[in-house]
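What follows is one structure encoded as structure tokens, with my remarks underneath.
No value in this document is a laboratory result; all are computed from the given coordinates. Treat the numbers as computed from the prediction; the structure is a model and nothing was measured. A quick note on method: Cβ atoms are made from the backbone with ideal geometry, for glycine too, and the neighbour counts reach across all protein chains shown.
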């Protein structure tokens with residue numbers, strides 16, 4: 001007589017997930033927060049906490065998705081960055097109010113470009129002859145015949161041109 005198959009166990013809310021526990025500990029969160037408060041970038045902050053930058057970015061993404069303990073990490077790291085931005089904003093604003101007109105003008109212009117780039121940002125436009133569109137010309141006739149190019153689909157042509165460009169850069 002056969003036994004009936006065992007029923008799968010239902011996971012309760014107190015059942016732990018399998019796998020390694022997260023390395024996103026309160027201590028690491030504190031190190032990452034401090035690093036961001038000191039103005040370090042993501043890479044340097046991750047190194048200070050003993051994790052790779054890729055892991056830090058994964059944790060932050062998981063925080064944006066609402067997963068604990070990563071939500072706390074995200075809030076504290078962003079809070080640390082906000083504090084630095086606020087401090088730097090105050091410094092630049094103070095320089096923009098400097099009595100030296102050159103210092104004031106340079107810093108005020110830079111601050112406006114950062115805060116309102118659509119209005120005060122530097123607009124750079126690349127144009128061709130007489131303000132017209134930029135003309136790009138590639139001569140591949142010496143390397144590929146017109147018939148060979150006509151027979152290639154777009155992907156094959158792109159691969160062939162990329163290979164030729166690589167050879168040209170190598171000087172062969």
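Taken as Cα centroids, segment 29-70 and segment 90-135 sit 32 Å apart, rounded to the nearest whole angstrom.
Annotation for residue 47 and residue 122: the two label points, set 7 Å from Cα along the Cα-Cβ direction, are 2.9 nm apart. Each peptide in 65-76, 19-30 gets a packing score, the mean of other Cβ atoms within 10 Å over its residues, and the list from highest to lowest is 65-76, 19-30.
How high is the relative contact order of segment 13-162, in percent, with contacts defined as C-alpha pairs under 8 Å that are six or more residues apart? Mind showing how you got there, number by number?
Values: 98 pairs, mean separation 19.5, N = 150.
It rounds to 13 percent for segment 13-162.
Going by average Cβ density within 10 Å per residue, which order do the peptides 31-39, 127-135, 86-94 take, highest to lowest?
Details: 31-39: 18.7, 127-135: 7.9, 86-94: 11.7.
Those peptides, ordered most packed to least, come out 31-39, 86-94, 127-135.
The label-point distance for residue 164 and residue 34, in a model that sets each label 7 Å from Cα toward Cβ, rounds to 5.9 nm.
Between residue 85 and residue 106, the FRET efficiency from the beta-carbon distance, with R0 = 25 Å, is close to 0.80. Annotation for residue 23 and residue 65: the two label points, set 7 Å from Cα along the Cα-Cβ direction, are 1.8 nm apart.
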